[in-house]
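Okay, so here's the structure we're looking at.
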Amino acid sequence: MTNEEKILSLLENQGKLLEKHSELLEKHSELLEKHSELLERQGDELRNINLTLENQVFPQLQALAEGQKTILETLAPKSRVEALEDEMAFMKSVIKALSQEVAELKKAQ
């Protein structure tokens, strides 16, 4: 094989490699376009999600927080509830004792 033939063979191989690289670049270009489109769609979806959060979810959470605050403000303190429970227990024992006395007085008549 002569030098010219070797050079022609190398050039031919280089040409084939360049064609393969060109095909790969085209595929990469197509993939980049698809990724670009996907990113754009995701950006749109993210904007929609943010709008939904701002316009619907956050106001509802705020309303819930305000409602909870109102409920907590209107609830009786635990100490007051405990005092009322103690008072009720005392009242029950007094009523029971008075009922027994009335029953005894009725028997005595």
Subject >> Test: Ser79 is surrounded by 10 or more Cβ atoms within 10 Å (Cβ to Cβ) and in a helix (DSSP H, G or I) >> reply: no
Original post:
Looking at Glu87, Glu40, Glu101, which is the one that is at negative phi, part of a helix (DSSP H, G or I) and under 24 Å from the mean Cα position of the chain (by Cα)?
Top reply: Glu40
**OP:** Consider Leu105 carefully, then state whether it is of a type in the set (A, V, I, L, M, F, W, C) and surrounded by 10 or more Cβ atoms within 10 Å (Cβ to Cβ).
**Re:** no
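All of the numbers you see were taken from the coordinates with simple rules; none came from a lab. Keep in mind that what you see is a predicted model, and the values were worked out from it rather than measured. Cβ atoms come from the backbone with ideal geometry, glycine included; neighbour counts cover every protein chain shown.
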